[in-house]
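Here the structure comes first, spelled out in structure tokens, and everything after it is commentary.
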Amino acid sequence: MITTEPSAKLSRNEGLKEGDPLLAGTISQTLADSSADRFTEDDYEFLKFHGIYQQDDRDLRKTGKKYMLMLRTKFPGGVLTAPQYLLCDQLATEYGNDTMRITVRQDFQFHGILKGNLRQTVKRLNDALTTTIGACGDVVRNVMAPPTPATSPLVEQVLEEARRLSGQLVPRTPAYHAIWIEGKELDLRAEANAAFADPLYGKTYLPRKFKFAFAIPPLNDIDIFTNDAGFVVIEEQGRLAGYNVLAGGGMGMSHGNAQTFPRLADVIGFIGPEAGQVEAAAKAIVTIHRDFGDRANRKHARLKYIIAERGVDWFRKEAEQRMGFQFAPPRPFRFTAQGDKLGWHRQTDGNYFLGLFVENGRIRDAGGYRLKSGLREAIKRFQPDIRLTPSQNILLAGLRPEQRAGLQKVLSEHGISAANPFSPTRLASMACPALPTCGLALAESERFLPGLLDRLEAMLAELGLQDEEFIVRMTGCPNGCVRPYIAEIAFVGKAPNRYQIHVGGNLAGTRLVRLYKDSVKGEDLLTELRPLLARYAQEREPAERFGDFCSRAVLGNLETAKQ
């Protein structure tokens, strides 16, 4: 058990939040200053709460920094309407780099926005009933929920609960509306700013970001155990019986820092479906993080460290005191798989949805594969509901049977096949953006993984494994943005062109990987992996997956899987 002595010196971010709880900084002034090409370092931190990251193109640093903004939306459960999607497509072309990136939290990211276009982008999203507030920053991020309309009749009910919870947890600062919608400056006199305190988060908000999610067994398409907290749906005779509450998950870590580590959430207890129970549990968990999180060391400031150090029993009692009622014993549940349902599927209401693979979540036109143009035309013509998935794919939902052929024809005209003709391994892969936009990236990821998969697919064919699915995830740093530490194969950036290789996750997303190789050049990754794949081809048991084989035969017994 790791313990941390509290430090008298708070982190720089804590001082910024305490001094400006409105989170306004000098954002308005910089927006109005046409001579300024960037926001200040202090405003860099405030912008995150508004759903914005200031970045620069790291490919161009030798000739001077070229500043730009990344803007992230917030779609609870990943659901948006056809008109909202079409607006996002238009904004990406007008103000961004003509791509939209689906995030692992069911949002869109727009990259390459210039400062002069930032306010107009946010305002137009707001006009379409879409927000960016709380998409980043030390608050509850986008609330995730199962996107697939075919898995359970409870999907729509759970999505509505996710939307409701998201609205209850949004920051209440008036700065967002004043800056981005009204375009005016707030009263930022010290006494006016000091008077504001968010009703949930207080003056200094949370010590770090916080992630909530819902999941419906047996499909763990959310990777629920990787979230700070979650609600696992318990279904009995087709009806919602309640939720098992999870807490204490998280992927982020730092190389060489033993105080940081990925962790799977614990099952805390069961709550009923009665109105207000989810909200009460969620707010109790959030305020525990608010009151006990490490505000001196941001690398050690997530909820998972509180639970790891104080224990599940302590956490349960603290949450019950704040909720005003007790958890019941958790109900049995089991996850069997993660990932998305791609291709055509019948919904529970008799309509259909089409799941389309989006490599690394990047919606763009590239040569004959004009995904961005094809989706735009298909959505404009057939007006489906849009659902973004945690695996960075897109579902076109609510399509009538007679619309299938026409939609498929439009996609085909743009080089897109509804059959998703890619290898099982590519369909199960994910990568974070990394270089050139992410300031935390230590190595390539999104730009590197497709070529690596080309070579991996060739190797798998040589070994007779081309029809097997391998869950492969790559990140440019150890922060774990595509949840690499539960993949079957994870490549984690350690330095320029250097990666760790982790193996051993399982199909259900309920087991952590372990380190296999510590520092491997990008060009040597498959050389190091080949002997392990060859052993798997020869020694695996019937129907045994690669991650399970590694756990059993290579790495020894990993941490016992969750339910």
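We did not get these values from a lab; they are worked out from the coordinates using the rules stated. Predicted model only: the values in this text are computed from it and were never measured. Cβ: placed from backbone, ideal geometry, glycine included. Neighbour counts: every protein chain shown.
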Once the mean 1/r over all distinct Cα pairs of the stretch 149-242 is inverted, what Kirkwood radius in angstroms do you read off? 16.4
Of all DSSP beta bridges in the stretch 426-554, antiparallel share, percent nearest 5: 65
Just to check, using Stokes-Einstein with a Kirkwood Rh over alpha carbon pairs, what's the diffusion coefficient of the chain at 10 °C and 1.306 mPa s in µm²/s? 65
I want to check the label-to-label distance for E182 and Q259. Put each point 7 Å from Cα in the C-beta direction and report it in nm to one decimal. 4.2
What is the gain in length, in nm to one decimal, between T93 and R58 on full extension, counting 0.36 nm per residue of separation less the C-alpha to C-alpha distance? 10.4 nm
Can you order the peptides 191-202, 348-359, 277-288 by their average number of other Cβ atoms within 10 Å per residue, highest first? 277-288, 348-359, 191-202
Sticking with the crude label model, points 7 Å out along Cα→Cβ, report the distance from E462 to L129 in nm, one decimal please. 5.5
Under 18 Å from K65, Cα to Cα: lysines that are on another chain or at least 8 residues apart: K115
Lys and Arg at +1, Asp and Glu at -1: add these up for the other residues within a Cβ distance under 15 Å of G116 and post the number. +3
What net charge is computed for the residues neighbouring G439, neighbours being all others with C-beta under 10 Å from the C-beta of G439, Lys and Arg scored +1, Asp and Glu -1? 0
Treating cross-link reach as a plain straight distance, find the aspartates and glutamates whose alpha-carbon is under 14 Å from the alpha-carbon of K409, omitting any fewer than eight places away in the same chain. E377
Between the stretch 25-50 and the stretch 332-387, how far is it from one alpha carbon centroid to the other, in angstrom? 36
Linear extension gain, R455 paired with K521, 0.36 nm per residue minus alpha-carbon span: 22.3 nm
Working out 0.36 nm times the residue gap between R400 and K380, then minus their Cα-Cα distance, what length gain in nm do you get to one decimal? 5.7 nm
Between K299 and S412, with labels modelled 7 Å along Cα→Cβ, what's the label distance in nm to one decimal, could you check? 5.5
When Lys and Arg each count +1 and Asp and Glu each count -1, what net charge do the other residues less than 12 Å away from G25, Cβ to Cβ, add up to? -4
Sort by residue number and report every cysteine in the chain with no other cysteine beta carbon within a distance under 4.7 Å. C88, C136, C438, C477, C550
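Relative contact order for the chain using alpha-carbon pairs under 8 Å, separation at least 6, rounded to a whole percent?
The value is 13 percent.
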What is the Cα coordinate range of the stretch 426-554 on the first, second and third principal axes, sorted by size from largest, in whole angstrom? 44, 29, 25
